Amino acid sequence: MARRKKVYEGKAKILYEGPEPGTLIQYFKDDGGTVTAPKPGAQTEGKGVLNNRLSEFFMSGLNSIGVPTHFIRRLNMREQLVRMVEIIPIEVVVRNFAAGPLSQRLGIPEGTALPRPIVEYYYKDEKLGDPMVAEEHIIAFGWAGQQDLDDMVALALRVNDFLSGVMMGVGIRLADFRIEIGRIWEGDFMRLIVADEISPDSCRLWDMRAAERAEGMPASDPGPLADVYTELARRLGVLPSNVTHSPKPTLIN
Ligand code: CDP
């Protein structure tokens, strides 16, 4: 294969130059663990293959209902073609149920349904540990403008409605998730689109089926989805064959 230019390498993905201007190839690695259970250096066999499929499933679903994303098409087991964007250095988190730092900081028990979806912003800077920031910081430091923020919230809430519905259809509660958003230019016209990935690495997913089995359980009891990559892909019907097991030669009679 022709050598490709690596543009960026993160914990879970590599970006290469794409075949046409304005495109990139996004390669999904097996590294990284999940964000809600970070395991630096951890490898989950087959995770990259599943996240490639899962992100394709969510992003193409969003595209088809008119929520713009960077996803163009899947190329192979681990790669997808995406639009090149200028990433806004803000991670947008949407929460439907209390968990993690929100529960700890504010003393709200894990699993409490929030009265409305809560949108939070985190400044993308690993050295600083991606600190939470307010709109005031984002505007004052020029990371995004007020119109961008309005568009980012609108996008994030549409993604939330779509993802919550899809997950609910397969017995999963979307407690919270994170998206990244980028700018693209079409002539003089700039717009914001969903970028990066949507996968179990960026979502907190709880199994409602486990909760259904145990009668009378309080809302806080749906547990984390076990074997989250495979189980989510299986329930959504996007599990490719031979993903989690290395293919062995078989004798065909
Ligand atoms: O996940 P954690 O408890 O560390 O933090 P959080 O603020 O509750 O994360 C909210 C959501 O954003 C979770 O679904 C995380 O998986 C996701 N997230 C992410 O994808 N990337 C980050 N750098 C931080 C959070």
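Heavy atoms only, probe 1.4 Å: what % of the accessible area of the chain goes to carbon and sulfur, would you let me know?
Values: 7330 of 13370 Å².
About 55 percent, which is the carbon plus sulfur part of the accessible surface.
Could you give the radius of gyration (one decimal) and Dmax (whole number) of the Cα atoms in segment 36-173, in Å?
16.6, 45
Measure of size requested: the Rg and Dmax of the chain, with Cα atoms as the atom set and Å as the unit; please supply both.
Rg and Dmax of the chain, Cα atoms, are 18.8, 70 Å.
Working only with C-alpha atoms, what are the Rg and Dmax values of segment 81-155, expressed in angstrom?
Calculated on Cα positions, Rg and Dmax stand at 14.1, 42 Å.
Which whole-Hz couplings ³J(HN,Hα) result when phi for each residue of segment 102-109 is put into the Karplus expression 6.51 cos²θ - 1.76 cosθ + 1.60, θ = phi - 60°, listed in order with x for Gly and Pro?
5, 5, 5, 5, 9, x, 9, x
Residues with amide H under 5 Å of Ile87's amide H, sequence separation 5 or more or different chain, H placed in the peptide plane at 1.01 Å from N; which?
Arg183
Which residues make up the longest stretch of the chain clear of trypsin sites (Lys or Arg not before Pro) that lie in a DSSP loop with no more than 12 other Cβ atoms within 10 Å, not counting the sites?
Answer - 6-253.
At 0.36 nm per residue, and after removing the present C-alpha to C-alpha distance, how many nm does the segment from Val238 to Glu135 gain when stretched out fully? Could the numbers behind the result be given before it?
On the way: separation 103, 0.36 × 103 = 37.08 nm, distance 3.74 nm.
Taking Val238 through Glu135 to full extension adds about 33.3 nm, to one decimal.
Run down the aspartates and glutamates and flag those whose C-alpha is under 15 Å from the C-alpha of Lys5, throwing out any fewer than 8 positions away in its chain.
Within the straight-line limit of under 15 Å, Lys5 reaches these aspartates and glutamates: Glu17, Glu20, Glu79.
Given the options Phe189, Phe58, Phe162, which has the most mean-square fluctuation in a GNM of the chain, springs set between C-alpha atoms less than 10 angstrom apart?
Largest GNM mean-square fluctuation: Phe189.
Show that you can apply the helix-only estimate: for the chain, add -39,500 (n - 2.57) for every DSSP H stretch of four or more residues, divide by all residues, and state [θ] at 222 nm to the nearest 500. Show your work: numbers first, answer last.
Values: 6 runs with 70 residues, N = 253.
After summing the helix terms and dividing by residue count, I get -8500 deg cm²/dmol.
Give me the accessible area of Phe141, 1.4 Å probe, in Å² rounded to the nearest 10.
About 130 Å², ignoring ligands and nucleic acids.
Quick one: what are the phi-derived ³J(HN,Hα) couplings along segment 114-130, Karplus 6.51/-1.76/1.60 with θ = phi - 60°, whole Hz, x for glycine and proline?
Karplus-based 3J(HN,Hα) across segment 114-130 equals 7, x, 7, x, 10, 9, 10, 10, 10, 6, 6, 8, 4, 4, 8, x, 6 Hz.
From the alpha carbon gyration tensor of segment 74-116, can you work out the equivalent ellipsoid semi-axes (sqrt of 5 times each eigenvalue) and give them in Å, largest to smallest?
Details: eigenvalues 232, 42, 18 Å².
Over the Cα atoms of segment 74-116, the ellipsoid semi-axes are 34, 14, 9 Å.
Which value, in Å² and to the nearest 10, is the accessible area of Val94 when all protein chains are kept and the probe is 1.4 Å?
Number for this one is 0 Å².
The values are calculated or read from the model by the stated rules, or taken from the named source; none is laboratory data. Not measured: the values here are computed from a predicted model. Positions of Cβ are backbone-derived with ideal geometry, glycine not excepted, and every protein chain shown enters the neighbour counts. The protein model used for the area step is the full one, side chains on, heavy atoms only, and it has no ligands, DNA or RNA in it. Shrake-Rupley method; radii C 1.70, N 1.55, O 1.52, S 1.80 Å.
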